[in-house]
Amino acid sequence: MLLPINNISHSRINGPGNRLVIWVQGCKFHCKGCFNPETHPYTKDHLMDIDELATLINSDTDIEGITLSGGEPLDYPEQLTCLLRKVAERLTVIIFSGYMIHEIRQSHLLMSVVGMADLSIVGRYDERLAHPYYGKKFIVSRGRIDVNHFKPRVAVEYSVNNKSVTKTGIF
């Protein structure tokens, strides 16, 4: 099973502790002012095998968890279900999604994926709001993540890997 990936990098902003952030490729929402418009097109580029991704995640002993962002991670519920079943239990899982809570509740698959995460932050991005977390819903599934980490603040981080430099955070 394959998942289209835009980028993978380490971060301390996209959740508590050192995390591996996986930005999927493809998003149908195209929210005005989105931080990651380059992740919107659905492409067959940069497909990664779920088993290889799980191995990459589980072999990284420096991380406390993973954060799934994008693009739109919940557009790939079968792939995420497969991946999250393979992620080591010691790792926490956060999902950033543009899906609204009522849309998630209408899908057994989406509910299942959200239930496998420790925290899902859901709802469309609205650039008119003073902070990106305003207007979002926080779905806590297992109580392993302190939601106070996501109090509105300004934080920017640059991640460097062998292919690129990624600017992430709340600007």
* Structure fact -> Under a 1.4 Å probe, counting only protein heavy atoms, residue 1 has an accessible area in Å², nearest 10, of 110 Å²
* **residue 85-residue 144 FRET efficiency (beta carbon distance; Förster radius 25 Å; 0.05 resolution)** => 0.90
* Structure fact -> Taking Cα pairs closer than 8 Å and at least 6 residues apart, the relative contact order of the range 4-50 in percent is 40 percent
* Quick one: Cα centre-to-centre distance for the range 1-50 and the range 93-125, in angstrom? -> 16 Å
* Net charge dipole size for the chain [Lys, Arg +1 and Asp, Glu -1 on Cβ; Debye, nearest 20] -> 560 debye
* Looking at this model, which pairs from 32/137; 44/151; 28/136 are more than 29 angstrom apart at the alpha-carbon? -> 44/151
* To do: Please give the calculated 222 nm ellipticity per residue for the chain, where each DSSP H segment of at least 4 residues contributes -39500 (n - 2.57) and the sum is spread over every residue; nearest 500 deg cm²/dmol?
  => -5500 deg cm²/dmol
* Asked: Which one is right for this structure if Cα extents along the principal axes in Å is calculated from it: (i) 39, 37, 34; (ii) 108, 41, 39; (iii) 59, 39, 29?
  -> (i)
* By average C-beta atoms within 10 angstrom, highest first, the peptides 90-100, 128-138, 34-44, 65-75 -> 65-75, 90-100, 34-44, 128-138
* About its Cα centre, what dipole magnitude does the range 26-107 give when the only charges are +1 on Lys and Arg Cβ and -1 on Asp and Glu Cβ, stated in debye to the nearest 20? -> 360 debye
* To do: Lys and Arg at +1, Asp and Glu at -1: add these up for the other residues within a Cβ distance under 12 Å of residue 56 and post the number.
  => -3
* **residue 24 long-range amide H proximity, modeled H, under 5 Å** => 6, 69, 70
* Spin-label zone in the range 64-95 - amide nitrogen under 20 Å from a point set 7 Å from the Cα of residue 43 along the C-beta vector -> 69-76
* To do: Rounded, prolate or oblate: pick one for the range 32-72, where a ≥ b ≥ c are the square roots of the eigenvalues of its C-alpha gyration tensor, a/c under 1.5 means rounded, and failing that, prolate if a/b is larger than b/c, else oblate.
  => oblate
* Report, please, the projected area of the range 1-102 averaged over directions, based on the convex hull of its C-alpha atoms, in nm². => 6.5 nm²
* Structure fact -> Around residue 101 (Cβ within 12 Å, Cβ-to-Cβ, excluding residue 101; K/R +1, D/E -1) the net charge comes to +3
* Under a Cβ-Cβ cut-off of 11 Å, what is the net charge of the residues other than residue 123 that fall near it, where Lys and Arg count +1 and Asp and Glu count -1? -> +1
* Asked: Over the C-alpha atoms of the range 60-120, what are the Rg and the largest Cα-to-Cα span, Dmax, in Å?
  -> 11.4, 37
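The values are calculated or read from the model by the stated rules, or taken from the named source; none is laboratory data. All of these numbers come straight from a predicted model, not from anything done at the bench. Every residue, glycine as well, gets a Cβ built from its backbone with ideal geometry; the counts of neighbours run over all protein chains shown. Just so you know, the surface numbers come from the protein's heavy atoms only, side chains and all, with ligands and any DNA or RNA stripped out. Shrake-Rupley method; radii C 1.70, N 1.55, O 1.52, S 1.80 Å.
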